[in-house]
Amino acid sequence: MPRSLRLAHLSDVHCTFGGVWQPEAWDAGVKLVNALQPDAVLISGDFTDWGLRAEWEQVVPRLADLRAQTITCLGNHDARREGWRIYEEMLGRDRYYATKVKGVDFIVLDSSQPDLDDGEVGREQRGWMRDRLREAEFPVVVLHHHLVPIPNTGREMNICRDSGGVLKILSEWRVPLVLGGHRHMPWAWELNETVIAHAGTFSSNKRQMPHSFNLGTISEERVRIELVKFYVDGRSETSLVADACLDERWGGRGREDDMRSVYEGGLRPEGPARGGGEGERDERAQRRAG
């Protein structure tokens, strides 16, 4: 059967008591997600703000509002005050695990550290990830923290401490897609044939832009990510974030320069990379020599 998966990717719910959590945004976002009829919904961490049982008891029942299969991972806020134990108890899932949806293998990592904002996957999980990649039909790696910096988020902090080791594995296996959250800024990079896409905050006021989620489509030859911004009055805006041809290893025709990305709401301009093409570099060299 041809591979075809429609995925709603949301993150950073931050359910708590007070102004950070905005339940009206959750309700508006869930209504829009359900209307799009995805095959699965991924929530890439920070369900809660403090990891408290009272927060988990408020947010977990709301997951039933989503009409598609849910895939979840822990965020740094969820791991506070041993909230990771409540995550395992109430969601019935391990901190890291693998699951398959319509031929796509989701390899879910736990990059959280109890009571720390910094992320780390660790040697044990990296070894486990390698084993899962050997078995995968089509892998998508999920973790909360960012592996590479995300623009427009202020001073760089809380990056995954062993990001180099994780990126090395992703590159070795040519993993086509990595999904995360954490910085509340939707963004997509391509690194060594891997699309790394982060979702913004779905329902908190910890943001510099509208509430949002990503809508991904994985087909036989392409990975396509769209950004969906939404408002509590029912309005929404959709724009392209990434559109990449898959590597031959995963059934595509090869990437070459086929990646397109959205920056500040517009497609990355076409043309030579910064520094110019070969002809321009030769011309500059001749001017310096003269």
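The values are calculated or read from the model by the stated rules, or taken from the named source; none is laboratory data. All figures in this text were calculated on a predicted structure; none of them were measured in a lab. Counting neighbours? That spans all protein chains shown, and the Cβs are built from the backbone with ideal geometry, glycine included.
Contact list please: Cβ distance under 6 Å, first residue in the stretch 31-50 and of a type in the set (D, E, K, R), second residue surrounded by fewer than 24 Cβ atoms within 10 Å (Cβ to Cβ) and part of a loop (DSSP other than H, G, I, E, B), pairs at least six apart or on different chains.
Short answer, once both residue conditions are applied: ASP39/LYS102; ASP49/THR16; ASP49/VAL20.
Would you check which residues across the stretch 82-95 are closer than 25 Å to GLY165 by Cα and out of contact with any Ser or Thr (no Cβ under 9 Å at 6 or more places or on another chain) and list them?
The one that is closer than 25 Å to GLY165 by Cα and out of contact with any Ser or Thr (no Cβ under 9 Å at 6 or more places or on another chain): ASP94.
Just wondering, is there one or more residues in the stretch 247-257 that are at pLDDT 50 or above, touching a Lys or Arg at 6+ places or on another chain (Cβ under 6 Å) and in a loop (DSSP other than H, G, I, E, B)?
Yes, there is a match, as at least one residue in the stretch 247-257 is at pLDDT 50 or above, touching a Lys or Arg at 6+ places or on another chain (Cβ under 6 Å) and in a loop (DSSP other than H, G, I, E, B).
Would you mind stating whether ASP94 is of a type in the set (Asp, Glu), within 21 Å of GLY216 (Cβ to Cβ) and either outside any helix (DSSP H, G or I) or in contact (Cβ under 8 Å) with a residue 40 or more places away in the chain (or both)?
Details: of a type in the set (Asp, Glu): yes; within 21 Å of GLY216 (Cβ to Cβ): no; either outside any helix (DSSP H, G or I) or in contact (Cβ under 8 Å) with a residue 40 or more places away in the chain (or both): yes.
For ASP94, the condition - of a type in the set (Asp, Glu), within 21 Å of GLY216 (Cβ to Cβ) and either outside any helix (DSSP H, G or I) or in contact (Cβ under 8 Å) with a residue 40 or more places away in the chain (or both) - is not met.
Would you confirm whether any residue within the stretch 185-196 is within 19 Å of LEU66 (Cβ to Cβ), modelled with pLDDT under 95 and in a loop (DSSP other than H, G, I, E, B)?
Initial filter on the stretch 185-196 (within 19 Å of LEU66 (Cβ to Cβ)): none.
Scanning the stretch 185-196, I find no residue that is within 19 Å of LEU66 (Cβ to Cβ), modelled with pLDDT under 95 and in a loop (DSSP other than H, G, I, E, B), so the answer is no.
Is it the case that the stretch 172-193 has a residue that's closer than 25 Å to VAL59 by Cα, in contact with a His (Cβ under 6 Å, 6 or more places away or on another chain), surrounded by fewer than 18 Cβ atoms within 10 Å (Cβ to Cβ) and of a type outside the set (Gly, Ala, Ser)?
No - not one qualifying residue is present in the stretch 172-193.
If a residue must be of a type in the set (D, E, K, R) and free of Cβ contacts under 8 Å to residues at least 12 places away in the same chain, how many such residues does the stretch 58-91 contain? Break it down stepwise before answering.
Step one: of the stretch 58-91, the residues of a type in the set (D, E, K, R) are 62, 65, 67, 78, 80-82, 85, 88-89.
Right, trim to free of Cβ contacts under 8 Å to residues at least 12 places away in the same chain and you get 85, 88-89.
The total comes to 3.
Evaluate the following for ASP243: is it part of a strand (DSSP E or B) and charged (D, E, K, R)? Can you show your working first?
On the way: part of a strand (DSSP E or B): yes; charged (D, E, K, R): yes.
Yes: the conditions hold for ASP243.
When the stretch 35-57 is examined, which residues are found to be farther than 23 Å from VAL178 by Cα and assigned to a helix (DSSP H, G or I)?
Keep residues of the stretch 35-57 that are farther than 23 Å from VAL178 by Cα, which gives 35, 49-57.
Of everything in the stretch 35-57, those that are farther than 23 Å from VAL178 by Cα and assigned to a helix (DSSP H, G or I) turn out to be ALA35, ARG53, ALA54, GLU55, TRP56, GLU57.
Of the conditions (1) at positive phi; (2) surrounded by fewer than 16 Cβ atoms within 10 Å (Cβ to Cβ); (3) not aliphatic (A, V, I, L, M), PRO114 satisfies every one except a single condition; which number is it?
The number of the failed condition is (1).
Being under 30 Å from LYS31 (Cβ atoms), among the β-branched types (Val, Ile, Thr) and either crowded, with 18+ Cβ neighbours inside 10 Å or touching a Gly at 6+ places or on another chain (Cβ under 9 Å) (or both), is that true of even one residue in the stretch 69-79? Before you say what the answer is, go through the steps one by one.
First pass over the stretch 69-79, keeping only residues under 30 Å from LYS31 (Cβ atoms): 69-79.
Add one more test, that the residue is among the β-branched types (Val, Ile, Thr), and what stays is 70-72.
Now restrict to residues that are either crowded, with 18+ Cβ neighbours inside 10 Å or touching a Gly at 6+ places or on another chain (Cβ under 9 Å) (or both): 71-72.
There is at least one residue in the stretch 69-79 that is under 30 Å from LYS31 (Cβ atoms), among the β-branched types (Val, Ile, Thr) and either crowded, with 18+ Cβ neighbours inside 10 Å or touching a Gly at 6+ places or on another chain (Cβ under 9 Å) (or both).
Considering every residue within the stretch 144-159, establish whether at least one is surrounded by fewer than 21 Cβ atoms within 10 Å (Cβ to Cβ), over 16 Å from the mean Cα position of the chain (by Cα) and modelled with pLDDT of 85 or more.
No, every residue in the stretch 144-159 fails to be surrounded by fewer than 21 Cβ atoms within 10 Å (Cβ to Cβ), over 16 Å from the mean Cα position of the chain (by Cα) and modelled with pLDDT of 85 or more.
Would you pick out the residues in the stretch 197-207 that are within 18 Å of GLU226 (Cβ to Cβ) and in a strand (DSSP E or B)? Walk me through how you get there before you give the answer.
Residues of the stretch 197-207 within 18 Å of GLU226 (Cβ to Cβ): 197-202.
Matches in the stretch 197-207: ALA197, HIS198.
Take the stretch 198-224 and flag every residue that is aliphatic (A, V, I, L, M) and either farther than 27 Å from VAL20 by Cα or surrounded by fewer than 24 Cβ atoms within 10 Å (Cβ to Cβ) (or both). It would help to see each step written out before you state the result.
Within the stretch 198-224, the subset aliphatic (A, V, I, L, M) is 199, 209, 215, 218, 223.
Correct list: MET209, LEU215, ILE218, VAL223.
Is it the case that the stretch 163-184 has a residue that's farther than 21 Å from TYR87 by Cβ, small (Gly, Ala, Ser), touching a residue at least 24 places away in the same chain (Cβ under 8 Å) and out of contact with any Leu (no Cβ under 9 Å at 6 or more places or on another chain)?
yes
Give the residues of the stretch 97-120 that are assigned to a strand (DSSP E or B) and modelled with pLDDT of 90 or more, sorted by residue number.
Going through the stretch 97-120, the residues assigned to a strand (DSSP E or B) turn out to be 97-101, 104-108, 113, 116, 119.
If the condition is that a residue be assigned to a strand (DSSP E or B) and modelled with pLDDT of 90 or more, then TYR97, ALA98, THR99, LYS100, VAL101, VAL104, ASP105, PHE106, ILE107, VAL108 are the ones that fit.
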